[in-house]
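Since every read-out is calculated from the coordinates, none of them should be taken as a lab result. Nothing here was measured: the structure is a model prediction, and the numbers come from that model. Cβ placement follows ideal geometry from the backbone for every residue including glycine, while neighbour counts extend to all protein chains displayed.
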Amino acid sequence: MDCISGGSAEIRHHSSSIGRNVLHMSFKVKYCHEVFNDVQVEKRCEEIFRKVSEEHSWFLREIGFDMDHVHITIDAGTKGPEDVAKALKGTSGRKLLKEFPYLKKEYFWGSGLWSPAVYFDSLGERTIVEMDDYTRKQGVPKKYLFMLEQSCLGDFSS
């Protein structure tokens with residue numbers, strides 16, 4: 001179903017439409033807790049994201065973690081960013097807090113894992129290859145990752 005050639009996503013055929021819907025998205029952990037310092041939490045979160053993506057016929061191109069957030073590039077088919085965020089954050093949040101009870105006890109008490117905020121950008125202005133590379137390099141020291149005039153995610157999107 002998904003064809004990738006030369007780093008760009010090919011047009012996908014759906015039941016009643018054709019097109020390309022590649023998104024760069026970022027989800028932040030509530031209260032900025034650095035839960036992805038635990039390699040097992042990071043690994044399990046990636047497994048969950050990949051499984052949910054497969055169940056929805058989405059193609060998760062890249063995933064990258066920093067201490068308190070995750071970036072993905074995903075071909076979401078005909079779904080919008082709110083659908084993708086709901087499925088990925090809802091499933092992963094529920095499963096991670098159940099499988100790693102210390103997270104809920106130590107950081108989240110009665111609340112969920114993820115902040116309600118979602119960053120997304122459709123990949124047209126920036127190339128898919130650039131965003132795959134950016135996503136892949138999450139956790140790399142920032143002095144090697146950004147140009148001097150970029151200091152936050154909002155700067156990157158402008």
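Just want the ordering: 38, 121, from fewest to most Cβ atoms lying within 10 Å of their own Cβ.
Ranking 38, 121 by Cβ neighbours within 10 Å, fewest first, gives 38, 121.
In segment 65-107, one over the average inverse separation of all distinct C-alpha pairs is 12.0 Å, which is the Kirkwood hydrodynamic radius. Working note: Karplus 6.51/-1.76/1.60 with θ = phi - 60° gives segment 66-74 the couplings 10, 4, 10, 7, 10, 10, 9, 10, 9 Hz, where Gly and Pro are set to x. Using a simple spin-label model with pseudo-atoms 7 Å out from Cα toward Cβ, residue 130 and residue 107 lie 3.1 nm apart. Here 119, 102 are placed in order of increasing Cβ neighbour count within 10 Å, fewest first, which gives 102, 119. Label-to-label distance for residue 98 and residue 122 is 3.5 nm, based on points extended 7 Å past Cα in the beta-carbon direction. Protection proxy ranking, highest mean first, for peptides 129-136, 108-115: 129-136, 108-115, where packing is the per-residue count of other beta-carbon atoms within 10 Å, averaged.
Under the Kirkwood approximation for Rh and a Cα-based Rg, what ratio Rg/Rh is obtained for segment 4-140? Please list the in-between numbers first.
Numbers: Rg = 15.1 Å, Rh = 15.4 Å.
With Rg and the Kirkwood Rh in hand, the quotient comes to 0.98.
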